[in-house]
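Read through the structure below, which is laid out as structure tokens, and then see the notes.
The values are calculated or read from the model by the stated rules, or taken from the named source; none is laboratory data. Remember, predicted model here, so these are calculated numbers, not experimental data. Glycine also receives a Cβ, built like all others from the backbone with ideal geometry; neighbour counts cover every protein chain displayed. Please note that ligands, DNA and RNA were not included when accessible areas were found on the heavy atoms of the full protein model with its side chains. Shrake-Rupley method; radii C 1.70, N 1.55, O 1.52, S 1.80 Å.
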Protein chains: 4
Amino acid sequence: MSQPLSNEPLIIAGREFPSRLLVGTGKFSSNEQMRDSLRACGTGLVTVALKRANLSSKADPFADILDFLEPERYLVLPNTAGAMNAEEAVRLARLALAAGLPQWVKLEIHPDPNYLLPDPIETLKAAEILVKEGWTVMPYINADPVLALRLQDVGCATVMPLGSPIGSNRGLETRAQLEIIIEQARVPVVIDAGIGAPSHAAAAMEMGADAVLVNTAIAVASDPSLMGRAFAAAVDAGRAAYELGLGAQSRKAEATSPLTAFLG
Amino acid sequence: MSQPLSNEPLIIAGREFPSRLLVGTGKFSSNEQMRDSLRACGTGLVTVALKRANLSSKADPFADILDFLEPERYLVLPNTAGAMNAEEAVRLARLALAAGLPQWVKLEIHPDPNYLLPDPIETLKAAEILVKEGWTVMPYINADPVLALRLQDVGCATVMPLGSPIGSNRGLETRAQLEIIIEQARVPVVIDAGIGAPSHAAAAMEMGADAVLVNTAIAVASDPSLMGRAFAAAVDAGRAAYELGLGAQSRKAEATSPLTAFLG
Amino acid sequence: MSQPLSNEPLIIAGREFPSRLLVGTGKFSSNEQMRDSLRACGTGLVTVALKRANLSSKADPFADILDFLEPERYLVLPNTAGAMNAEEAVRLARLALAAGLPQWVKLEIHPDPNYLLPDPIETLKAAEILVKEGWTVMPYINADPVLALRLQDVGCATVMPLGSPIGSNRGLETRAQLEIIIEQARVPVVIDAGIGAPSHAAAAMEMGADAVLVNTAIAVASDPSLMGRAFAAAVDAGRAAYELGLGAQSRKAEATSPLTAFLG
Amino acid sequence: MSQPLSNEPLIIAGREFPSRLLVGTGKFSSNEQMRDSLRACGTGLVTVALKRANLSSKADPFADILDFLEPERYLVLPNTAGAMNAEEAVRLARLALAAGLPQWVKLEIHPDPNYLLPDPIETLKAAEILVKEGWTVMPYINADPVLALRLQDVGCATVMPLGSPIGSNRGLETRAQLEIIIEQARVPVVIDAGIGAPSHAAAAMEMGADAVLVNTAIAVASDPSLMGRAFAAAVDAGRAAYELGLGAQSRKAEATSPLTAFLG
């Protein structure tokens, strides 16, 4: 990666990250491909799903995937995908901690099997418990501005509202609500789920989001390393534009050519 | 610039360009700032407005701006902004040629003072004349698929449909028509006008446009060099995603986490 | 009103309503104007805000507005606007009941002073309490599909997701989430808030919403009676189209003219 | 039909029409069904396609369809669908006149077999010829503001920009350009093509369009009479709202409930 275009680093819970692109680790066709893609895109935070059952049944449960997640490069953020309620999510988080992962968690509770949309009630409940236990909690939520504020009130380190359903590639369908969440936020806002193209990621950054989390669109690409770099470039471009300030939209046209500059 | 992410070069009328970002030269606060921004963004094609009047009244009419447009870096594409009809546009083009510019022209005929929207009739008329005289003609048009085909039929080298009114920063308002133009095109399609943010530029490339032309959003930025680089990065990212192929949008969610990879 | 175009009546909690247009009573310039508008639009359900304080301080607290809400025409639905949490909402509802209003309530809890967006946690909490006490509960919520399901699970009679912030006239900004809520609903879905034009109301019905609640756009119109009728007509038209089934959108054109019907 | 909600009549070329809903006659499953639908929706202007060939080959060429188009109810507007260029369109129009139809024509020239999009050049050419011959010309065009002005300059009685491709049901995809056309218009603007739902028709009227032309969505409905009435109601509602004036969209919410009206 060349020198980034944006200047302000992403800081979550006091830790600085080298990129505003966060990446999920599902759906890659192999661990080798995942490792290469993560390296290529320059991310500093990757999420890993905790399985719901059999958490202690193996001698070396992390062997499979964690060998490929270089701890000197990334914060490995366990997520509670698969948890149906607060209790399950809390239990999963504690098991991850016991297994040696850092005390950070992406809280993800979605009882809905079709759209995998998050449960606001159980998410707040689990967040309260985990924050009290000392966790850095990053909750995945619907684009609900009031819930976002409540999660900040109980001490979450970020809020992670969805752009559209997980894996749908539909981009920022919740844009109007995201704008309000960003306007009111006191912690970093990470747009999570639905980011299916570099332009979606750039648009999220231009709106003032602090980071995006991308998984499917990178993992299933024909070349995940190259696609990861494309997302990284778009995130950087969108963020740089946000930092510089973009022009307002106008109804009327404005001539770019004053018609005096040339041949005059 | 590091190695670009996209692989297929932009070729117009047999000439290869180093970038799919084309840049206009209006509205920069100084020629020095313009020069630096053009260098920084890596473009290989810049447009320059031809003034409507007094075309031959100065001893060295190009001194002011052309000194800053390094010919070894860029194809300098004169545009006919300010022409109200075909006759004026043709006359302007010929004067530019006489003054030593290459025989390329961005045909831009907009009688509308409010929105600076192009005239389809006069544009086709001028294109016919100039193509017969041997010009490489790049017409700026409304997002009109039938007009786009007709301009290709008379031998234009590209079509340049607008995304939204010039200088409006409103992005791809004509997306539905642009998709048809791209689907039917036999020459490169350059999205011109209205591109106000890197995400707009990335989205244009993801749709399959061959290039974008940006001016206002770069020229009036607080740091035009950095903004130029941000647009270049977004164009490259969007194009790479197009070349790799983006996933289809889906109604339902798809879990990114198979819930079996970890702790299993 | 002439014979309605739609055939399936709106039924909430076993009660049939003559119209799918529900109307709020705030912001009218006078009670007389409100009364006339309500009559003109043919609604059968009107909401009335319960004041937060001084609920029992007047001898005849309903005199002012309730004289104008003809009980033989409308179900008067008290709403808890102004409540900041579940406790306040429950207290307001009980006072309304004590004052002689029916045991129906529009549950509306919005701590956010800027956007008046609803609180998911407190809303569910209040709904649970009120349903157990025998209320017919109609909760105003963000467009959150999981919350909508949970409120149905505890026995709410409808869900009332917002289209956009109250009074914003921005229409169906949450369309993607509304579609999911409608698809999964087991009770009537009422689109509440943000409906600023008849086309918004028609679009909500075409999506399959069971009703819309409109207030500002009718109440502040230059002629609230006529605007009420316009919304009623749009609701009826949109519902009829939904019942008949609308054609799918297609990418390609289809000639309407077989070119054989005439002069052949 | 009950008394319409809108008050200002549609007047084209000095003739007043009873409805702002114009209807095409293609695709109905039978002439009887068409007749009933046209009666039910209250339109006063119906278009009929002129076949490209064999225009004079039958003894009574109008027998088939014109028997069902009651001349005391409707202006029968021949359209030139199927014409590939100006010459064919002009010839078709003249044959219709010779056959006894009024000297009005919907000019429709679309060489594009996939999207049936109109040709701007040939349309202007044919319009010039026909206006000079004394025709009332209503041209079907892309949403091109400059072309719309030029057609007005040569004396067309309306402009009929498309919302989206014919038969696509995609609604007002060209909204941004339509707004400019309406703002600049000196003759009635009829939105033609793509109107697939009552909400689309209402939205067109709310924008300030003078009329809409609908065909497919009515003709192929399971009950074309009822669907025709639904479109008529939506057009009337949208127009009434336009005449009354709709509220501006706002970023912030505005409470509808002053929280003082009730129980106070």
| Label-to-label distances across copies for A:GLN103, with labels 7 Å out along Cα→Cβ, in nm, shortest first? | 4.9, 7.6, 9.1
| Computed FRET efficiency, Cβ-Cβ of B:ASN7 and D:GLU8, R0 45 Å: what is it to the nearest 0.05? | 0.15
| task | Measure nothing fancy, just the Cα-based angle from helix C:224-244's long axis to the longest principal axis of chain C, in degrees from 0 to 90, nearest 10. | result | 60
| field | For region B:23-51 and region D:187-247, distance of Cα centres in Å | value | 47
| Gaussian network model of chain D, Cα within-10 Å springs - most flexible of D:LYS125, D:LYS27, D:LYS252 | D:LYS252
| remark: Other residues with Cβ under 15 Å from the Cβ of D:ARG73 give, with Lys and Arg +1 and Asp and Glu -1, a net charge of -2
| Got a number for carbon plus sulfur as a percent of region A:18-244's accessible area, 1.4 Å probe? | 46
| note | So, in nm and shortest first, the distances from B:PRO71 to its counterparts in the other copies, with label points 7 Å along Cα→Cβ, work out as 6.3, 7.2, 9.2
| field | Net +/- balance of residues flanking B:LEU10 in space, Cβ distance below 11 Å, scoring K and R +1, D and E -1 | value | 0
| query | Which whole-number value in Å² is the accessible area per residue of chain B, probe 1.4 Å? | reply | 33
| field | Residue-averaged 222 nm ellipticity for chain A, from DSSP H runs of 4+ at -39500 (n - 2.57), nearest 500 | value | -10500 deg cm²/dmol
| message | Given contacts defined as C-alpha pairs under 8 Å and at least six residues apart, what's the relative contact order of region B:137-264, whole-number percent? | response | 19
| For D:SER222 and D:ARG39, what does the FRET efficiency come to when R0 = 30 Å and r is the distance between their Cβ atoms, rounded to the nearest 0.05? | 0.95
| field | On Cα atoms only, tilt of D:86-98 relative to the major axis of chain D in degrees | value | 80
| note | Looks like region A:18-244, by Cα gyration tensor root eigenvalues a ≥ b ≥ c and the a/c under 1.5 rounded cutoff (else prolate when a/b is bigger than b/c, oblate otherwise), is oblate
| Per residue in region A:210-231, which ones lose no less than 30 Å² of accessible surface when going from chain alone to all protein chains (1.4 Å probe)? | A:SER222, A:LEU226, A:MET227, A:ARG229, A:ALA230
| message | Let me see the P(r) profile for region B:127-170: every Cα-Cα distance counted, bins of 10 Å, each bin given as a percent of all pairs. | response | 30, 46, 21, 4
| note | In order over region D:176-184: 3J(HN,Hα) from phi, Karplus 6.51/-1.76/1.60, θ = phi - 60°, whole Hz, x for each Gly or Pro, gives 4, 6, 4, 4, 5, 4, 5, 4, 9
| query | With charges only on Cβ, +1 for K and R and -1 for D and E, what is the dipole size of the protein assembly as shown about its Cα centre, in debye, rounded to 20? | reply | 0
| task | Please work out whether the protein assembly as shown counts as rounded, prolate or oblate from its C-alpha gyration tensor, where a ≥ b ≥ c are the square roots of the eigenvalues and a/c under 1.5 means rounded, while otherwise a/b larger than b/c means prolate and anything else oblate? | result | oblate
| Exam field: B:PRO9 pseudo-label spacings to other copies (7 Å along Cα-Cβ), nanometres | 4.0, 6.7, 7.5
| query | Pairs B:LYS106/D:LYS106; C:LYS132/D:LYS252; A:LYS125/C:LYS106: which exceed 28 Å Cα-Cα? | reply | B:LYS106/D:LYS106; C:LYS132/D:LYS252
| Average beta carbon contacts from partner chains per residue of D:143-151, 10 Å cutoff | 6
| query | Which aspartates and glutamates does D:LYS27 reach when only Cα atoms under 18 Å apart count, and residues fewer than 8 places away in its own chain are ignored? | reply | C:GLU254, D:ASP36, D:ASP64, D:ASP67, D:GLU108, D:ASP192, D:ASP223
| query | Normalised by the number of residues in region B:15-244, what is the relative contact order in percent for Cα pairs under 8 Å and 6+ residues apart? | reply | 20
| said: Can you give me the long-range amide H partners of C:ASN79? Hydrogens built in the peptide plane at 1.01 Å from N, cutoff under 5 Å, separation of 5 or more residues or another chain. | reply: C:VAL48, C:ALA49, C:LEU50, C:LYS106
| note | Taking Cα atoms, the helix C:198-207 axis meets the longest principal axis of chain C at an angle in degrees (rounded to 10) of 80
| Using a Förster distance of 45 Å, how high is the FRET efficiency between D:SER30 and D:VAL131, based on the Cβ-Cβ distance and rounded to 0.05? | 0.80
| said: Give me the inter-chain shielding for B:84-90: mean count of other chain Cβ atoms within 10 Å, whole number please. | reply: 0
| Given labels modelled 7 Å from the Cα in the Cβ direction, how far is it in nm from C:MET84 to D:ALA98? | 8.3
| Pairwise burial A:C, computed as accessible area of each alone minus the pair, summed, 1.4 Å, Å² | 2300
| note | In region D:114-204, the GluC sites (Glu not before Pro) that sit in a DSSP loop and have at most 15 other Cβ atoms within 10 Å of their own Cβ are D:GLU133
